[in-house]
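The values are calculated or read from the model by the stated rules, or taken from the named source; none is laboratory data. Predicted model, so just to flag it, every value in this text is computed and none were measured. Counting neighbours? That spans all protein chains shown, and the Cβs are built from the backbone with ideal geometry, glycine included. Please note that ligands, DNA and RNA were not included when accessible areas were found on the heavy atoms of the full protein model with its side chains. Shrake-Rupley method; radii C 1.70, N 1.55, O 1.52, S 1.80 Å.
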Amino acid sequence: MSTILTKAQNNTPTGKLFTLEDLNPGGKNYKAMSPQTKDCWWDGNVLVDNDTRKQPESYPKVFSKDYNIYIQASADAPEEQITTDGTREIVYGEAVHRNEFGITKGIFMSPDRSMFAFYRMNQSMVADYPLVNTFERIATLAPEKYPMAGETSHEVTVGIYNIKTKKILYLDLGDVANRYFTNITWSPDSKSLYITELNREQNKATLDRYSVADGHKEATLYTETDDKYVEPQNPLHFLPWDESKFLMWSQKDGYWHLYLMNTDGKIIRQLTRGDYVVLEVLGFCTETKSVIIRTNELSPLQSNIFAVNVKTGKKRLLDNGLGVHKGKLSDDGTLLLDIYTDYDVPRTYNIVNTVSGETSEYFRSKNPWEGYALPQYKMGTLKAADNKTDLYYRMVLPPDFDKNKKYPTIIYVYGGPHAHNVEASWHWGARPWETYMAQKGYVLFIMDNRGSENRGKEFEQVTFHQLGQVEMQDQMKGVEYLRTLPYVDTERLGLHGWSFGGFMTISLMTNYPDVFKVAVAGGAVIDWKWYEVMYGERYMGTPESNPDGYAKTSLLDKAKELKGQLLMITGSNDPVVVPQHSLQFINECNKAGVYPDFYVYPGEPHNMKGHMSVHLHEKITRYFEEKLK
């Protein structure tokens, strides 16, 4: 779906300004531009008004339904079923490999719209995890295909459907057992398909090109190996002005950077370089022959937008050099919608001419908290447990903060891969729950330990084969700092985290039982042998190849160490961190004679939404109010 803004609407040059994809059809006309208000059309990236968002859909439209693929040639045409044998055992056109490796979809339309590629996933050999639907008169099974670390995984193939001939051709991938396929990219001429293949050990990746005409592999263009793991996340980006060249992502030099490569597999040059991470490719400006990217070059806390000349590598900053920026480009890349926030700026929208660099402000949002008693939001740095690496933290202090008082303090933790908590966005990235708790008289402390994202390969891979161990050491450096603050009541320290953060919460509670008084752990991993193949084996190997690591990181034998008050929360139908984790930890607590609290959300998945999310956060709040205050 496209959106066109014109001069009459926004005082910008007449004509097409930028393109938006996959807009939420439930949006409203905007009145204010902040993520806290509902009176706007906001999809997490872009704001548009209701009159300009309704545009014709692109046809043919291809989609998956009931495990099969369907096509609709036009708005008036009936849906045509392409595959017929789809079941929960054989799945067509959906994301595979449990959404790892940057996979978010299962259908890939060719540039000329004459064909589409799709995933076919055979998971008949994968064990069913027995989740249960308790909303029936007699409860029924609602099993989830769940390949645990070290167990049999599903097998994936890639098909090509020719819309004109109505025939399917499968790529000649050979034996697909224990292989992962990702980063599917069409060549601009729609004649070839590029795929990154990863071995099950995830320490070797190859970039391969396949012929769409007969499905055979034409060439392996690039191979990358690593002593720990290779982690492909992004497709290729072909140059609009030269279809024989593309940009490829790699962090082989220690950071995610872009490499210019030709279709013969020759790396022409490393386009970006330095101790920073390329976060996103927004697109290309054809006039200046530049790629528009987001990086954290200016600060690990920031993300800023640059134009990089593909021929010379020369970079130009397109934003104000502050805070956190996201953006959308016009079709030709000459205009950028720059979406900016800073620790003291709720959100600003600017229109940037990527050729001249001229910037005009489109909209500045008002402070959504104006008139409220707000906490104090602070940011600082501490040294990690290695005494050399900088770690960033956020602290939220009560609105009526008095340095002569002592406050109960809650450490919110995630700490795992592909996430960070602290950044130079509004209130240093604080979540509304932190504001809520600070208003109730708590100090909140949040720190990104080693192992979290966007700090380079060494920073992230230090946790390899021992998840939670280095992370705990770093979090305890945060505790050391809190002990130096006279207003922190170290007799009333709390912990809270969800998912990997739940794992970290219970790890800290049981490894440092005399430090923390109260904790709430949601959706917590307890033993990595019960977690999924792709994620678990990347960081931990298999239980057979890394028995010491699995033993060290398991929390089952740590249950007996629990001293403080612990509330464990899970969704009864969690397909990500399956209920076995929580239940087996509770069982070990029973045997050890310790008494945690346990709360279940019937039928809920890994993350609560809507009313259940409101209930969840109030449940967490009440537990701290009862046990910590």
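Overall, the accessible surface of the chain at a probe of 1.4 angstrom is composed of carbon and sulfur to the extent of 47 percent.
Annotation for region 595-622 versus region 451-469: alpha-carbon center distance of 29 Å. Here the 3J(HN,Hα) profile of region 570-586, calculated from phi with Karplus coefficients 6.51, -1.76 and 1.60 at θ = phi - 60°, is 8, x, 5, 10, 5, x, 9, 9, 5, x, 3, 4, 5, 5, 6, 5, 4 Hz, Gly and Pro shown as x. Between LEU374 and ASP189, the distance separating the two model label sites (each 7 Å from Cα on the Cα→Cβ line) works out to 5.7 nm.
Per-residue 3J(HN,Hα) values for region 233-248, derived from phi via the Karplus relation 6.51 cos²θ - 1.76 cosθ + 1.60 with θ = phi - 60°, read 10, 10, x, 7, 10, 6, 6, x, 9, 8, 6, 8, 9, 8, 9, 10 Hz in sequence order (x marks Gly and Pro). Evaluated over region 420-553, the count of Lys pairs having alpha-carbon atoms less than 29 Å apart is 11 (only pairs 8 or more residues apart or interchain). With both labels modelled 7 Å from their Cα along Cα-to-Cβ, the ARG316 to GLU561 distance reads 5.6 nm.
When only alpha carbons of region 532-629 are considered, Rg and Dmax amount to 15.6, 45 Å.
Of the residues THR165, THR84, ranked by 1.4 Å probe accessible area with the largest first, the sequence reads THR84, THR165.
Per-residue ellipticity at 222 nm computed for the chain from its helices equals -4000 deg cm²/dmol, with DSSP H segments shorter than 4 residues left out and the rest contributing -39,500 (n - 2.57).
Using DSSP, restrict attention to beta bridges with both residues in the chain and report what percent are antiparallel, rounded to the nearest 5.
80
Sorted into 10 angstrom bins from 0, the C-alpha pair distances of region 62-151 split as 15, 36, 30, 15, 3, 0 percent. Partner aspartates and glutamates whose Cα lies under 14 Å from the Cα of LYS378, excluding those fewer than 8 positions away in the same chain, are identified as ASP342, ASP344, GLU423, GLU434.
Take each of the peptides 136-142, 492-498, 413-419, average the number of other beta-carbon atoms within 10 Å over its residues, and list them starting from the highest. Display every interim value, and only then the final one.
Details: 136-142: 9.3, 492-498: 24.7, 413-419: 21.7.
The densest-packed peptide leads the list: 492-498, 413-419, 136-142.
When ILE82, ILE268 are compared by accessible area at a 1.4 angstrom probe, the order from most to least is ILE268, ILE82. The amide H of ALA419, built 1.01 Å from its N in the peptide plane, has GLU453 as neighbours under 5 Å, considering only residues 5 or more places off or on other chains. Surface calculation, 1.4 Å probe, protein heavy atoms: SER190 sits at approximately 10 Å² accessible. Only protein heavy atoms count here; on that basis, with a 1.4 Å probe, TRP369 has an accessible area of about 50 Å². Our note on the geometry: Cα centres of region 344-405 and region 224-249, 33 Å apart. Averaged per residue, the chain has 43 square angstrom of accessible surface, using a 1.4 angstrom probe with ligands and nucleic acids left out. May I ask which residue of ILE267, SER192, SER153 lies farthest towards the positive end of the charge dipole of the chain, with charges of +1 (Lys, Arg) and -1 (Asp, Glu) on Cβ and the Cα centre as origin? Of the options given, the answer is ILE267. With every protein chain present, what accessible area does THR272 have (1.4 Å probe, heavy atoms only), rounded to the nearest 10 Å²? Its accessible surface works out to 0 Å², give or take rounding. Where both bridge residues fall in region 291-350, DSSP classifies roughly 95% of the beta bridges as antiparallel. One entry in [x] 17, 44, 31, 8, 0; [y] 20, 49, 27, 4; [z] 17, 50, 31, 2 is P(r) over Cα pairs in 20 Å bins from 0, in percent calculated from the shown coordinates; its label is [z]. Listed by chain and number, the lysines whose alpha-carbon sits under 19 Å from that of LYS105, ignoring those within fewer than 8 places in the same chain, are LYS61, LYS65, LYS145. Ranking VAL614, TYR67, SER244 by Cα position along the charge dipole of the chain, where only Lys, Arg, Asp and Glu carry charges on their C-beta atoms, puts VAL614 farthest toward the positive end. Identify, among ASN421, VAL518, LEU508, the residue whose Cα sits farthest towards the positive end of the charge dipole of region 395-518, taking +1 on the Cβ of Lys and Arg and -1 on the Cβ of Asp and Glu, with the dipole about the Cα centre. Farthest towards the positive end: VAL518. Our estimate of slack between THR84 and LYS619, defined as 0.36 nm per intervening residue step minus the Cα-Cα distance, is 188.0 nm.
Under the shape rule built on the C-alpha gyration tensor, where the axes satisfy a ≥ b ≥ c, region 251-392 is oblate, since a/c reaches at least 1.5 while a/b does not exceed b/c.
For the chain, the dipole from Cβ point charges (+1 on Lys and Arg, -1 on Asp and Glu) about the Cα centre works out to 1180 debye, to the nearest 20. For region 158-250, what class follows from the C-alpha gyration tensor (a ≥ b ≥ c being the square roots of its eigenvalues): rounded when a/c is under 1.5, otherwise prolate if a/b is larger than b/c, else oblate? Here region 158-250 falls in the oblate category.
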